[in-house]
Amino acid sequence: MSCVQKVYYHSGRLRLNPNLYESGKVCLSLLNTWWGKGCEKWGKSSSTMLQVLVSIQGLVLNDRPYFNEPGYKNSAETTGGERCSLAYNQTAFVRSCKTMLYSLRKPPMHFETLVLWHFHEHERAILDACRAYMSGTVVGSSAGTGSNRRYVHDKCFAEFHKSLMLYTEHLRAEFAANRRRVMELETEDEIVPSIAASVKSC
């Protein structure tokens, strides 16, 4: 019997992608949580964890997740489909901000340090993206390239802007708290060797 890899997504009870469920389930053929055939399914002697990670990165975390939903795939490249995809990305980004807050406040067990340093290193890029998207840059466009893709400033964008402004402020506060925790860790790392050296010299 083949040993299928299991992946759990710490969702914070939010669904920000058709393949990432509120329950933590990741819907992917390679995980046998969605239909597939041949090499699309997990093979005990041929499949690897690297394949799983690359599949999640390429097939799930793409720039137009709306079309991951089988019922919407055929609407890609249509005016209606593209409009729905843009709106979906707005919602997904706001929920991503909520998920970041959840991860900062309640990091997964055994991954606390990883979460701490990840957000310490990437907080500026995250806040830059928030600022760019609030100004009208289309979600998914690179915040630092001066993209010409802009949202129409309609009612839908106004609601997105209002929600994102709120969660950006929450993120600023959590990032500040995260920086303090990093400083505490760095201080501890300096103190412990110093104490050990003092004890050794006695």
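Looking at (1) closer than 19 Å to LEU16 by Cβ; (2) open to solvent by 30 Å² or more (accessible area, probe 1.4 Å), which is the one condition that is false for SER46?
All conditions are met except number (1).
Please list, ordered by first then second residue, the pairs with beta carbon atoms under 7 Å, 6 or more apart or interchain, first in the range 65-76 and closer than 19 Å to TYR21 by Cβ, second open to solvent by 70 Å² or more (accessible area, probe 1.4 Å).
TYR66/TYR72; PHE67/LYS73
One residue is enough: does the range 140-149 have a residue meeting the conditions under 15 Å from the mean Cα position of the chain (by Cα) and modelled with pLDDT of 95 or more?
We begin by selecting, within the range 140-149, every residue under 15 Å from the mean Cα position of the chain (by Cα); these are 140.
Adding the requirement that they be modelled with pLDDT of 95 or more leaves none.
Checked against the condition, which is being under 15 Å from the mean Cα position of the chain (by Cα) and modelled with pLDDT of 95 or more, the range 140-149 yields no hits at all.
So in the range 79-116, with the set limited to residues that are of a type in the set (A, V, I, L, M, F, W, C) and either open to solvent by 80 Å² or more (accessible area, probe 1.4 Å) or without any contact (Cβ under 8 Å) to a residue 60 or more places away in the chain (or both), which one is nearest to GLU69 (Cα to Cα)?
Within the range 79-116, the first condition is being of a type in the set (A, V, I, L, M, F, W, C), and the residues that meet it are 84, 86-87, 92-94, 97, 100-101, 104, 109, 111, 114-116.
After this cut, where a residue has to be either open to solvent by 80 Å² or more (accessible area, probe 1.4 Å) or without any contact (Cβ under 8 Å) to a residue 60 or more places away in the chain (or both) as well, the list is 84, 109, 111, 114-115.
Details: CYS84: 12, MET109: 31, PHE111: 30, LEU114: 31, VAL115: 29 Å.
Within the range 79-116, the match that is nearest to GLU69 (Cα to Cα) is CYS84.
Tell me, please, whether a residue that is part of a helix (DSSP H, G or I) and open to solvent by 80 Å² or more (accessible area, probe 1.4 Å) can be found in the range 126-144. Can you show your working first?
Within the range 126-144, the first condition is being part of a helix (DSSP H, G or I), and the residues that meet it are 126-134.
Filter once more, keeping what is open to solvent by 80 Å² or more (accessible area, probe 1.4 Å): 131.
The answer is yes, given that some residue of the range 126-144 is part of a helix (DSSP H, G or I) and open to solvent by 80 Å² or more (accessible area, probe 1.4 Å).
Can you find even one residue in the range 37-49 that is of a type in the set (A, V, I, L, M, F, W, C), in a helix (DSSP H, G or I) and within 24 Å of THR113 (Cα to Cα)?
Looking only at the range 37-49, we keep the residues that are of a type in the set (A, V, I, L, M, F, W, C), and these are 39, 42, 49.
Filter once more, keeping what is in a helix (DSSP H, G or I): 39, 49.
Add one more test, that the residue is within 24 Å of THR113 (Cα to Cα), and what stays is 49.
Scanning the range 37-49, I find at least one residue that is of a type in the set (A, V, I, L, M, F, W, C), in a helix (DSSP H, G or I) and within 24 Å of THR113 (Cα to Cα), so the answer is yes.
Of all residues in the range 1-28, count the ones that are outside any loop (DSSP other than H, G, I, E, B), in contact with a Ser or Thr (Cβ under 8 Å, 6 or more places away or on another chain) and either open to solvent by 70 Å² or more (accessible area, probe 1.4 Å) or free of Cβ contacts under 8 Å to residues at least 40 places away in the same chain (or both). Reasoning before the result, please.
So the first thing to find is which residues in the range 1-28 are outside any loop (DSSP other than H, G, I, E, B), and the list is 8, 17, 20, 25-26.
Applying the additional criterion that residues be in contact with a Ser or Thr (Cβ under 8 Å, 6 or more places away or on another chain) yields 20, 25-26.
After this cut, where a residue has to be either open to solvent by 70 Å² or more (accessible area, probe 1.4 Å) or free of Cβ contacts under 8 Å to residues at least 40 places away in the same chain (or both) as well, the list is 25-26.
Residues meeting the conditions: 2.
The values are calculated or read from the model by the stated rules, or taken from the named source; none is laboratory data. Since the model is a prediction, treat every value here as computed from it, not as a measurement. Using ideal geometry, Cβ is built from the backbone for each residue, glycine included, and neighbour counts are taken over all protein chains shown. Surface areas here come from the heavy atoms of the whole protein model, side chains and all, with no ligands, DNA or RNA. Shrake-Rupley method; radii C 1.70, N 1.55, O 1.52, S 1.80 Å.
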